[in-house]
Amino acid sequence: MSTRRRNNDLTPGQDSFLDIVSNLVGILIILVMVVGVQAKHAILDSQKPQQPEPTPLAEVKHSRQALVALGHDVEQLKQQMVARQIEVAYRKKERDFLLAAVAAVELKLAELAGQLGEDQQMQLEVATHVAALRQQYEDLQQQIALLDQEPAPTRVIKHVPTPLARTVFGQEAHFRLKGDRIVHVPLETLVERFKEEARRNTWKLKQSPTYTDLVGPLDGFRLKYTLRRVTRSVQTPRGRAVQERVELDHFELIPVEDAMGEPVSTALSENSAFMASLLDYPAKKTVVTIWVYPDSFDSFRRLKDQISQRGYLVAGRPLPFDQYISGSPQGTRSAAQ
């Protein structure tokens with residue numbers, strides 16, 4: 001009984017010992033592997049070529065070489081400078097020699113010219129003048145040749161298709177363009193006032209065949225009109241009869257002052273008086289008639305482009321400097337584009 005118990009007690013202790021031994025063996029194996037890997041890395045590092053670190057002596061040697069090369073460059077520059085100075089001095093002496101020779105020749109020519117007679121001196125002057133003209137001609141020929149070789153400048157011509165013009169029947173806005181200044185002309189309003197006054201003044205034609213009067217001023221313009229008494233023979237059911245009636249002979253707009261309106265450069269801005277007057281007329285239903293004087297044709301083209309872009313038709317009526325804006329029953333209507 002006692003023997004069996006002793007054997008059973010020894011069995012657990014042997015198992016623990018075996019576990020400890022196994023753990024130690026595993027640890028030893030891991031240590032061997034780690035040491036082997038570190039040894040391999042050390043061998044590879046030892047086989048790599050080691051770059052020598054720069055020493056202060058090497059740095060001093062490199063700096064000395066750079067300083068010597070810089071000294072050589074400075075010496076070469078000095079030698080080149082001396083050579084240039086020698087060449088300049090030589091060219092200066094050569095120039096002085098040539099100037100002295102030219103002065104001597106001119107002095108000699110002056111002495112010889114003084115010994116010549118009047119006819120010979122005149123011939124000499126003519127020959128000198130001819131030589132100068134010949135030289136000038138040759139210079140001009142060279143310049144012409146150079147200009148012929150240069151490409152001709154390109155000019156851009158703006159092409160604007162011209163629509164068919166049609167006679168104006170409808171609402172019309174009038175402006176005067178003179179001296180590159182544009183002003184609104186209240187023609188329609190002045191004509192209405194003229195019609196009212198003409199009806200009241202027809203009795204004055206009983207004593208005279210014509211009658212002239214003024215309406216205005218309005219916005220800087222007066223309308224001067226002339227009425228006439230016309231006698232005509234007309235056919236009636238009872239035979240021919242004589243009829244008297246009053247007709248307009250002609251009218252003209254007389255400005256209060258010549259320089260009226262605003263410059264075209266100002267009129268093209270949005271807040272100008274010209275644009276404000278233009279907005280009083282509906283676009284696409286109004287023809288803008290501009291009475292243009294000869295000094296403002298270029299400005300008329302600029303205005304025409306701007307007005308057309310806003311949807312208005314534009315008509316130009318050229319006028320000579322000595323003529324006012326005028327009209328008569330025999331006149332023609334504006335033609336707009």
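The values are calculated or read from the model by the stated rules, or taken from the named source; none is laboratory data. No experiment lies behind these values; they were computed from the predicted model shown. Neighbour counts run over all protein chains shown; Cβ positions are idealised from the backbone, glycine included.
Residues checked against (1) exposed (fewer than 10 other Cβ atoms within 10 Å of the Cβ); (2) at pLDDT below 80; (3) in a helix (DSSP H, G or I):
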{"residue": "Thr3", "(1), (2), (3)": "yes, yes, yes"}
{"residue": "Asn8", "(1), (2), (3)": "yes, yes, yes"}
{"residue": "Asp15", "(1), (2), (3)": "yes, yes, yes"}
{"residue": "Ser46", "(1), (2), (3)": "yes, yes, yes"}
{"residue": "Gln50", "(1), (2), (3)": "yes, yes, no"}
{"residue": "Pro54", "(1), (2), (3)": "yes, yes, no"}
{"residue": "Leu57", "(1), (2), (3)": "yes, yes, yes"}
{"residue": "Lys61", "(1), (2), (3)": "no, yes, yes"}
{"residue": "Val82", "(1), (2), (3)": "no, no, yes"}
* Structure fact -> Conditions (1) buried (at least 19 other Cβ atoms within 10 Å of the Cβ); (2) in contact with an Asp or Glu (Cβ under 7 Å, 6 or more places away or on another chain) -> Ala273 fails only (1)
* **Test for Val126: is it part of a helix (DSSP H, G or I), surrounded by 10 or more Cβ atoms within 10 Å (Cβ to Cβ) and modelled with pLDDT of 85 or more** => no
* Subset of the stretch 276-304 (residues that are out of contact with any strand residue (DSSP E or B) (no Cβ under 7 Å at 6 or more places or on another chain), in a loop (DSSP other than H, G, I, E, B) and either surrounded by fewer than 12 Cβ atoms within 10 Å (Cβ to Cβ) or not assigned by TED's automatic domain parsing to the domain that holds Lys178 (or both)) -> Leu279, Asp280, Pro282, Lys284
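Listed here are the residues, each with its yes/no results for (1) in the same structural domain as Leu124 (by TED's automatic domain parsing); (2) under 53 Å from the mean Cα position of the chain (by Cα); (3) of a type in the set (D, E, K, R).
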{"position": "Ala69", "(1), (2), (3)": "yes, no, no"}
{"position": "Arg84", "(1), (2), (3)": "yes, yes, yes"}
{"position": "Glu106", "(1), (2), (3)": "yes, no, yes"}
{"position": "Leu112", "(1), (2), (3)": "yes, no, no"}
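Condition check ((1) at pLDDT 80 or above; (2) hydrophobic (A, V, I, L, M, F, W, C); (3) over 57 Å from the mean Cα position of the chain (by Cα); (4) surrounded by 15 or more Cβ atoms within 10 Å (Cβ to Cβ)) across all residues:
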position	(1), (2), (3), (4)
Arg176	yes, no, no, yes
Gln207	no, no, yes, no
Thr212	yes, no, no, no
Phe221	yes, yes, no, yes
Lys224	yes, no, no, yes
Ser233	no, no, yes, no
* To do: Go through (1) more than 27 Å from Pro217 (Cα to Cα); (2) touching an Asp or Glu at 6+ places or on another chain (Cβ under 9 Å) one by one and return the number of the condition Val287 breaks.
  => (1)
* **Verdict on Glu172 being modelled with pLDDT of 80 or more, more than 32 Å from the chain's Cα centre (by Cα) and not in a strand (DSSP E or B)** => no
